[in-house]
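Accompanying notes for the structure given below.
We did not get these values from a lab; they are worked out from the coordinates using the rules stated. All figures in this text were calculated on a predicted structure; none of them were measured in a lab. Because the Cβ atoms are built from the backbone with ideal geometry, glycine has one as well, and the counts that use them run over all protein chains shown.
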Amino acid sequence: MEKTLILLKPSAIQRGHIGHIISRFENKGLRIAGLKMMQLTDEIIDEHYAHLLDKPFFPRIKASMMATPVIAGCIEGLDAVAVVRTLTGVTNGRNAAPGTIRGDFSMSVQENVIHASDSIESAKTEINRFFKAEELFEYKLASFPFIYSTDEAKQD
Ligand code: UDP
Ligand code: MG
């Protein structure tokens, strides 16, 4: 089953939305394969936001991501990468659709409360960046037969 990575940013932590945001994934029927709090370092942010390193606002993003610890999560489900990106909403919280996480919890481009992997490829890289193998768990969801039909997905 597909896995993706989320980070609850300092904007979510400071504003008291950890539980509200994690609930969105539970409510949807996604399985939480791993969850932890961690303080991001210069090195991990340079890697994670390598596509923004050259931008003039990179130091501002870095400071924002280091303002408090973040919550890293590994979320699993059928088409999890695309489903979680859809639940997340577009980058600018002001433009994000109501009902999405950014649409409901953010007024900002930078302070947009959550990161979510943008492709299957980057999900794999990002899960390895933030989680050790022993921090991911393969427990079964008792509700699985009520989340998917038998032709959609099987839980080994
Ligand atoms: N960001 C920003 N200003 C910009 C573009 C991005 O502050 O003009 C921040 C914002 O917090 C965003 C993150 O950098 O979530 C990563 O940018 P990306 O374009 O990858 O957006 P995302 O994939 O998070 O929607
Ligand atoms: Mg991105």
With Cα coordinates, the longest principal axis of the chain makes an angle with the long axis of helix 120-130, in degrees rounded to 10, of 70
Binned at 10 Å from zero, the C-alpha pair distances of the range 62-156 give percents of 14, 36, 37, 13, 1
The extension gain from residue 134 to residue 37, computed as 0.36 nm times the residue separation minus the Cα-Cα distance, is 33.4 nm
As a percent rounded to 5, the proportion of antiparallel DSSP bridges among beta bridges in the chain is 95
Treating only Lys and Arg (+1) and Asp and Glu (-1) as charged, each at its beta carbon, one finds that the range 24-93 has a dipole about its Cα centre, in Debye to the nearest 20, of 300
Classified through the alpha carbon gyration tensor (a ≥ b ≥ c as square roots of its eigenvalues; rounded if a/c is under 1.5, else prolate when a/b is larger than b/c, else oblate), the range 61-108 comes out oblate
Out of 99, 40, 80 - ranked by how far each Cα lies towards the positive end of the dipole of the chain, with unit charges on the beta-carbon of charged residues - the top one is 99
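Below 11 angstrom from the Cβ of residue 124, what's the summed charge of the other residues (Lys, Arg +1; Asp, Glu -1)? Mind dumping the intermediate values first?
Numbers: positive: 3, 129; negative: 2, 121, 126.
With Lys, Arg at +1 and Asp, Glu at -1, the neighbours total -1.
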Any aspartates and glutamates whose Cα falls less than 20 Å from that of residue 28, other than same-chain ones fewer than 8 residues away, would be 2, 76, 79, 104, 118, 138, 151, 152
In debye to the nearest 20, the charge dipole size for the chain, taken about the Cα centre with +1 at each Lys and Arg Cβ and -1 at each Asp and Glu Cβ, equals 540
Once the dipole of the chain is set up from charges on Cβ (+1 Lys and Arg, -1 Asp and Glu), the residue from the list 131, 18, 141 lying farthest towards its positive end is 18
Ranked from fewest to most other Cβ atoms within 10 Å of their own Cβ, 102, 60, 85 fall in the order 60, 85, 102
Checked against a 19 Å limit on the C-alpha separation, the offending pairs among 36/132; 36/154; 62/132 are 36/154; 62/132
